[in-house]
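Report on the following structure.
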Amino acid sequence: MRARYGVPLGITAVGAAGLVYAAGFEARSFRLRRVTIPVLPSGMRPLRVLQVSDIHMVGGQRKKQRWLRSLAGLRPDFVINTGDNLSDPDGVPEVLDALGPLMEFPGAYVFGSNDYYGPKLRNPARYLIEKAQGRHGLNGNAPAVGAVHNPWEDLRDGFDAAGWQNLTNTRGTLKVEGVSIELTGLDDPHIKRDRYAEVAGGPSGTADFSMGVVHAPYLRVLDSYTADGYPLILAGHTHGGQLCIPFYGALVTNCDLDTDRVKGLSTHTAEGRTAYLHVSAGCGTNRYTPVRFACPPEATLLTLVGRE
């Protein structure tokens, strides 16, 4: 009896313990990463940029809300929000409340698919199947049917009222103590809302520094930004793989980006030019898969310094 059932029961116990850890501890173990990137013109003073991404707010997530409010203590020069703020149609007031202290600083934002549409319950194995078939989001898949529409207009109005720049397929400029930062943004490529032709042409040359901002780091977007001469691109969307294998890493990115660059700082090359790419692993999860493993939730304080 013991030999017959001992191993399956042991596997079940380990699996249950892992699920409790992934949902009860790691998904709520918020971290701040610090990264230094040498992208500014020589002699320019450093800039401290706080990137928040993939909050996926669900009503009642008090610990997450307290942690987001606490980030204002970092006193960044400006804030970049790379989208997917919602995982609950009723979550807009809690997002705006949690980000309220950060909206005292200059900032800008792009939206992700979960800002526009509510999540659906789906088999996590589909991410592996879509990766194998080269299909992600609406890029190769059939359009969603019966999707729940989130009140993204209320979220937009709240950000705009605070003075944050809306970078939806457009350009914006932030002024930080006399320094001019040009931001070129796109709507979410995951659902084919990106319109790079509307912002093409590269940095204008009138700002002290220029960078690209997008939610999902699809290769077509990274190629365009890099070929146009942007030295830095910020993105989110991937959740860092969300469920990773220790000492191996992520299995999927939920886009066509390779898993080696699923989170953190890397580079991207296109048409003979190279840009830095920073992908945030984000601080939330889809409400139907509230687990993380070997990939804790995060925000990132990026310190931009002069090129060597």
Region 94-105 residues that are open to solvent by less than 20 Å² (accessible area, probe 1.4 Å), paired with ones that are small (Gly, Ala, Ser) (beta carbon under 7 Å, 6 or more apart): LEU102/ALA72
From GLY284, GLY264, GLY306, GLY249, residue being surrounded by fewer than 20 Cβ atoms within 10 Å (Cβ to Cβ) and under 12 Å from the mean Cα position of the chain (by Cα): GLY264
Residue check, HIS215 at positive phi, buried (at least 22 other Cβ atoms within 10 Å of the Cβ) and modelled with pLDDT of 95 or more: no
Hey, ASP223 in contact with a strand residue (DSSP E or B) (Cβ under 6 Å, 6 or more places away or on another chain), over 21 Å from LEU155 (Cβ atoms), modelled with pLDDT of 95 or more and of a type in the set (Asp, Glu) or not: yes
Breaking point among (1) within 30 Å of GLY59 (Cβ to Cβ); (2) open to solvent by 10 Å² or more (accessible area, probe 1.4 Å), for CYS295: (2)
Of the criteria (1) under 17 Å from ASP115 (Cα atoms); (2) not in a loop (DSSP other than H, G, I, E, B), which one ALA144 fails: (2)
Only listed residue being modelled with pLDDT under 95 and on the phi > 0 side of the Ramachandran plot, chosen from GLY59, GLY43, GLY24, GLY83: GLY43
Residues located in region 106-129, provided they are more than 19 Å from the chain's Cα centre (by Cα) and over 22 Å from VAL148 (Cα atoms): ALA125, LEU128, ILE129
Which listed residue is in a helix (DSSP H, G or I) and β-branched (Val, Ile, Thr), from VAL291, VAL221: VAL221
Inter-residue pairs, beta-carbon under 6 Å, first outside any loop (DSSP other than H, G, I, E, B) and at pLDDT 95 or above and in region 186-208, second among the hydrophobic types (A, V, I, L, M, F, W, C) and surrounded by 17 or more Cβ atoms within 10 Å (Cβ to Cβ), 6+ apart: PRO189/ALA216; PRO189/VAL221; HIS190/ALA216
First in region 55-67 and within 20 Å of SER113 (Cβ to Cβ), second anywhere and assigned to a helix (DSSP H, G or I) and at pLDDT 95 or above, Cβ under 6 Å, 6 or more apart: MET57/GLU94; MET57/VAL95
Residues of region 140-168 satisfying the condition of being polar (S, T, N, Q) and either crowded, with 19+ Cβ neighbours inside 10 Å or within 17 Å of the chain's Cα centre (by Cα) (or both): ASN150, GLN165, ASN166, THR168
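The values are calculated or read from the model by the stated rules, or taken from the named source; none is laboratory data. A quick note: this is a predicted structure, and the numbers were derived from the prediction, not measured. Cβ sites come from the backbone with ideal geometry, for glycine too, and all protein chains shown count toward neighbours. Protein only, heavy atoms only, side chains kept; ligands, DNA and RNA dropped before computing areas. Shrake-Rupley method; radii C 1.70, N 1.55, O 1.52, S 1.80 Å.
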